[in-house]
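Working notes, structure below.
Every number here is computed from the coordinates shown, using simple stated rules; none is lab data. For clarity, every value in this text was computed on a predicted model and none was experimentally measured. Cβ: placed from backbone, ideal geometry, glycine included. Neighbour counts: every protein chain shown.
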Amino acid sequence: MSGRREEILDAALAIADERGLEAVSMRALAEKVGVTPMALYRHVKDKSALLDGMVGRLLSALLPADGAGDQPWDERLGGLAHACRAVTQRHPWAAHLLFSRPAVTPDAVRAVDIIYTALIEAGVPEAEVPRLERLISTFVIGFAASEASGRFAPGPLDPRARRGQLPDSELPGHSRLAPWLDLPLDLTAEFEADLADIRRMVRAAAGRET
């Protein structure tokens, strides 16, 4: 990626950080960079290409440092998942963009390839690798999106008050789980537990016959 293109994409990320993803436009970007909109087309041909480039720029932060490729497959998957969560914590709008755009830029494709190679190394049958990559990516981005959007937050009512809006007989699952639903939510611990489940799932897939 050329230095000028990197500068343009970083400016687009800055606009989204300042004013939200909906504020990103070719005109706003041109003003941010200090050029005419026509001058941008040498680097990004249209709004769609700009959004794809932003995805690639975000995912470039997930690429491991030199030497990280020597780590075991499960550590590489974990590192990628933690990096994705960190990106969405820095850029809360990013999860929506990652969900809505395909991985088409070189950096985006490299990030997906890290998952492919980790799953192959784990012994997952090649026919199942694309499906498991989609499952893992959807979990990681979905968790990050839910966290960034506040979906996991308690909201204006505590869990007990929300459940109190309906009779217990209508919420048998909530009633049975009440002692655990009222516990403080440690999202980092939950994320780690989910990743441990994913590792077990990958090992199980590696042991299955196709």
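Observations on the structure shown:
- If you bin all the Cα-Cα distances of region 37-134 at 10 Å, starting from zero, the percentages per bin are 15, 42, 31, 10, 2.
- Label-point separation in nm, TRP180 to GLU75, each point 7 Å along Cα→Cβ: 3.2 nm
- For region 96-107, backbone phi angles converted through the Karplus equation (6.51, -1.76, 1.60; θ = phi - 60°) give residue-by-residue couplings of 4, 5, 5, 6, 9, 10, x, 7, 10, 7, x, 5 Hz, Gly and Pro being listed as x.
- Note on GLU128 and ARG27: the model spin-label points, each 7 Å out from Cα along the C-beta direction, lie 5.2 nm apart.
- In this rough spin-label picture, where each label sits 7 Å from Cα along the Cβ direction, the ALA61-ARG90 distance is 0.4 nm.
- Computed lengthening from SER146 to GLU7, 0.36 nm per intervening residue step minus Cα-Cα distance: 47.1 nm
- Burial ranking of peptide ranges 9-16, 104-111 (average Cβ count within 10 Å, highest at the top): 9-16, 104-111
- Over the chain, Cα pairs under 8 Å with separation of 6+ residues give a relative contact order of 19 percent.
- Counted charge near VAL44, where neighbours are those whose Cβ lies closer than 12 Å (Asp, Glu -1; Lys, Arg +1): +2
- Estimated vicinal HN-Hα couplings, Hz - region 7-21 in sequence order (Karplus 6.51, -1.76, 1.60; Gly, Pro = x): 4, 5, 5, 5, 5, 5, 4, 5, 4, 4, 5, 7, 10, x, 4
- Mean Cβ count within 10 Å, highest first, over the residues of peptides 20-31, 92-103: 92-103, 20-31
- Phi-derived couplings, Karplus 6.51 cos²θ - 1.76 cosθ + 1.60 at θ = phi - 60°, listed residue by residue for region 109-124: 5, 4, 4, 5, 5, 4, 5, 3, 5, 5, 5, 5, 4, 5, x, 5 Hz, with x used for Gly and Pro.
- Here the Gaussian network model covers the chain, with springs between Cα atoms less than 10 Å apart; of PHE152, PHE191, PHE143, PHE152 fluctuates the most.
- Nearest-0.05 FRET efficiency for ASP17 and LEU171, computed from C-beta distance (R0 41 Å): 0.55
- Radius of gyration and Dmax over the Cα atoms of the chain, both given in Å: 20.6, 64
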